[in-house]
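Reading through the structure tokens given below for one structure.
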């Protein structure tokens with residue numbers, strides 16, 4: 001054992017002398033080579049573009065001449081000349097003058113604070129910012145770490161001119177710049193909205209059929225009838241004689257008759273047990289229900305477009321944030337390879353941590369890019385057409401004009417929610433359908449008048465002798481009468497129809513109550529989610545500022561060589577997660593506010609003042625029912641079908 005220890009000591013001493021000579025020669029010649037290429041000056045100034053890409057030394061591809069792993073070995077072996085030597089600034093602290101802070105400042109040299117950040121500062125802290133925060137906002141290194149988010153615009157755009165309102169479908173925008181453009185394109189190309197318009201056309205046809213029953217019916221009947229007979233007999237007919245008194249041989253008798261008739265009649269129903277009026281009111285209620293259903297479909301499509309548009313913007317901003325994070329990690333990886341050592345960590349651990357962080361940052365960038373591409377495809381699918389998304393997309397602000405308390409919110413939901421109004425109209429139509437079924441038990445009185453003219457022509461020919469006889473008869477007929485139809489027994493069909501409609505009324509009433517409860521519960525839930533998202537947005541913003549300051553301080557400590565890279569990457573993870581949370585909460589506030597607007601019936605093309613040719617169902621109603629219901633011009637400025645058909649009390 002003693003012999004082995006002595007031998008090991010001798011080998012260790014000789015290895016140290018050999019390593020000392022090798023490092024001295026490499027340090028001497030490597031320094032002269034660096035001075036010739038002026039690499040040290042470029043590195044101190046932070047100009048990485050001027051650094052050569054090839055290896056400066058045959059055995060060590062890193063800067064400067066002494067590898068960080070070898071330097072740490074010398075420190076661990078306690079060489080006195082290594083510990084006592086005062087190396088230059090490049091060798092001792094290579095990141096002091098060109099560290100992470102300097103590189104980030106160069107990365108965000110022309111960067112300014114976003115207006116959205118200023119608004120969030122006023123929202124979270126008020127107009128009087130703390131002195132510490134005000135000082136941080138003046139530091140370019142602090143601003144370089146803040147997310148570069150878009151400035152938000154008003155959710156509802158100003159009303160356009162009439163020229164743009166009358167634009168055709170082919171002129172709808174194919175290039176999307178903001179949410180208004182996306183909603184306008186969906187209004188023109190979305191198949192779900194087109195199907196909802198077709199359903200309104202069906203309701204219009206039923207409405208016209210119901211109104212046709214109160215008008216008289218005029219009918220024209222034309223008839224033509226032709227008949228003929230032929231009779232032949234062979235041999236002599238003793239009963240038939242000719243003019244000379246001789247028997248007729250081979251008697252043939254032919255008869256032809258033509259009967260032409262024309263009749264013009266008019267029929268007017270005088271009394272039908274109230275069935276005609278009830279059927280008109282039923283068709284009217286169904287028409288209003290289809291209109292409210294169309295508004296429900298319109299709001300559903302607009303909300304889908306809004307969510308898809310916001311998802312695309314969110315994915316795009318998260319991609320920007322991930323790219324900034326990846327750029328910072330790339331700088332960190334370069335810093336770890338350039339290397340310095342103060343004994344706080346091992347070089348292998350430093351390179352491994354930097355490599356893992358760099359790999360995770362690159363993976364996040366790839367995932368964010370794929371998420372943005374998926375959001376683009378989803379938005380195009382909902383719009384119903386291939387649209388081009390511009391690079392400088394505008395972000396909408398949260399949906400304003402919302403009630404300030406839950407009590408007002410509930411009242412507005414019960415009054416303006418399209419789903420509730422559609423259920424009200426459906427229930428009202430079923431009630432009128434009960435009256436239609438009741439009219440089947442009552443008699444019907446019809447008034448009928450008709451004018452007819454007929455002509456009958458008959459020709460008889462007898463052969464031989466060619467005897468012919470022809471007569472023509474004309475007739476005129478005028479009828480006027482009142483008919484009474486009384487159902488006595490129809491095998492129970494009328495009674496069964498009445499019972500079925502009665503059950504449909506009960507189901508419609510239950511559906512209405514369920515829609516009320518659902519709309520109120522979901523509306524209040526969205527209201528609470530909006531309130532929570534507003535609070536979370538402020539909290540995540542404060543957390544982002546805190547972790548941004550922590551990351552800035554960590555960069556200083558890392559550049560000074562007193563913070564291990566593992567701790568630095570952990571702080572950077574906290575920072576990027578805080579930035580993601582705040583960016584996500586910003587979009588969540590907009591989504592929740594728009595969802596509250598949906599339950600209030602305000603996510604419509606008319607309320608949002610979209611520059612499109614509005615599909616106004618009221619025009620159909622005025623065309624078929626204005627003479628009957630008496631809609632005047634004073635209702636032009638009122639909201640579309642803003643009424644309570646059940647006359648509920650507030």
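Below are the figures for this structure:
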quantity	calculated
Residue list for the range 289-304, restricted to those being farther than 12 Å from residue 196 by Cα and surrounded by fewer than 24 Cβ atoms within 10 Å (Cβ to Cβ)	303, 304
Check on residue 200, outside any helix (DSSP H, G or I) and either in contact (Cβ under 8 Å) with a residue 12 or more places away in the chain or surrounded by 12 or more Cβ atoms within 10 Å (Cβ to Cβ) (or both)	no
Qualifying residue in the range 519-534 (condition: surrounded by 15 or more Cβ atoms within 10 Å (Cβ to Cβ) and closer than 30 Å to residue 438 by Cβ)	no
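For (1) modelled with pLDDT of 80 or more; (2) at negative phi; (3) surrounded by fewer than 22 Cβ atoms within 10 Å (Cβ to Cβ); (4) assigned by TED's automatic domain parsing to the domain that holds residue 371, each residue gets a yes or a no:
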| position | (1), (2), (3), (4) |
| --- | --- |
| 308 | yes, yes, yes, yes |
| 313 | yes, yes, no, yes |
| 316 | yes, yes, yes, yes |
| 332 | no, yes, no, yes |
| 342 | no, yes, yes, yes |
| 352 | no, yes, yes, yes |
| 355 | no, yes, yes, yes |
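The values are calculated or read from the model by the stated rules, or taken from the named source; none is laboratory data. Source: prediction; values computed, not measured. Using ideal geometry, Cβ is built from the backbone for each residue, glycine included, and neighbour counts are taken over all protein chains shown.
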